[in-house]
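A.B. asks: Encoded as structure tokens, here's the structure I'll be asking about.
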Amino acid sequence: MRNIDLSPLYRSFIGFDHLASMIDTASRNEKQSSYPPYNIELLAEDKYRITMAVAGFSKEEVNIEVHENTLQVVGTKPAKEGENEERKFLHKGISERSFERKFQLGDHVKVLAADLEHGLLHVDLERVVPESKKPRKIEIGSKLIENNE
């Protein structure tokens, strides 16, 4: 993998140092397993859905948390005593191991809902940009008066 020097971003973009830090963090090889498999869908212009295949997990065994801009999905499978002696597999293709998956969310992305059905966990997200952050048109020759409230 190539090493990217981000120092030009730090010195030429004032106030965007957090963006350069995010790129730097993303470029590192953070070891995250590929289990469980997932899809990310674009449902509408600002609506997204993450779908994870969590076969064998119940609602009580899956925990979803959002901390700052990180969505964390953790599935814990408690070890049952004597289960290995009762069940003998000829082929075991469905993994029932515990997992932890993290997703980095963009600014103003909120988690709307989560649902678990038919072995698929759906997490719905929406990007809600506040009015103060949306672009606005400034007419030439007009004066902008700020309200000091």
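The values are calculated or read from the model by the stated rules, or taken from the named source; none is laboratory data. Owing to the predicted nature of the structure, the values given are computational and were not obtained by experimental measurement. We place every Cβ from the backbone using ideal geometry, glycine too, and count neighbours over all the protein chains shown. For accessibility, only protein heavy atoms count, side chains too; no ligands or nucleic acids. Shrake-Rupley method; radii C 1.70, N 1.55, O 1.52, S 1.80 Å.
A.B. asks: Name, by its number, the condition in (1) part of a strand (DSSP E or B); (2) open to solvent by 80 Å² or more (accessible area, probe 1.4 Å); (3) under 14 Å from residue 114 (Cβ atoms) that does not hold for residue 39.
C.D. replies: For residue 39, the exception is condition (3).
A.B. asks: For residue 115, state whether it is part of a strand (DSSP E or B), open to solvent by less than 50 Å² (accessible area, probe 1.4 Å), at pLDDT 80 or above and of a type outside the set (Phe, Trp, Tyr).
C.D. replies: no
A.B. asks: Filter segment 110-135 for residues that are of a type in the set (Gly, Ala, Ser) and closer than 17 Å to residue 73 by Cβ and give the result.
C.D. replies: 113, 114, 119
A.B. asks: Report whether or not residue 51 is in contact with a Leu (Cβ under 9 Å, 6 or more places away or on another chain) and surrounded by fewer than 14 Cβ atoms within 10 Å (Cβ to Cβ).
C.D. replies: It is false that residue 51 is in contact with a Leu (Cβ under 9 Å, 6 or more places away or on another chain) and surrounded by fewer than 14 Cβ atoms within 10 Å (Cβ to Cβ).
A.B. asks: Looking at segment 79-108, which of its residues are modelled with pLDDT of 80 or more and more than 22 Å from the chain's Cα centre (by Cα)?
C.D. replies: Once the filter is applied, which keeps residues that are modelled with pLDDT of 80 or more and more than 22 Å from the chain's Cα centre (by Cα), segment 79-108 yields 88, 89, 90, 91, 92, 93.
A.B. asks: Of all the residues that make up segment 96-109, how many are within 16 Å of residue 40 (Cβ to Cβ) and not β-branched (Val, Ile, Thr)?
C.D. replies: Residues that pass the stated criteria total 6.
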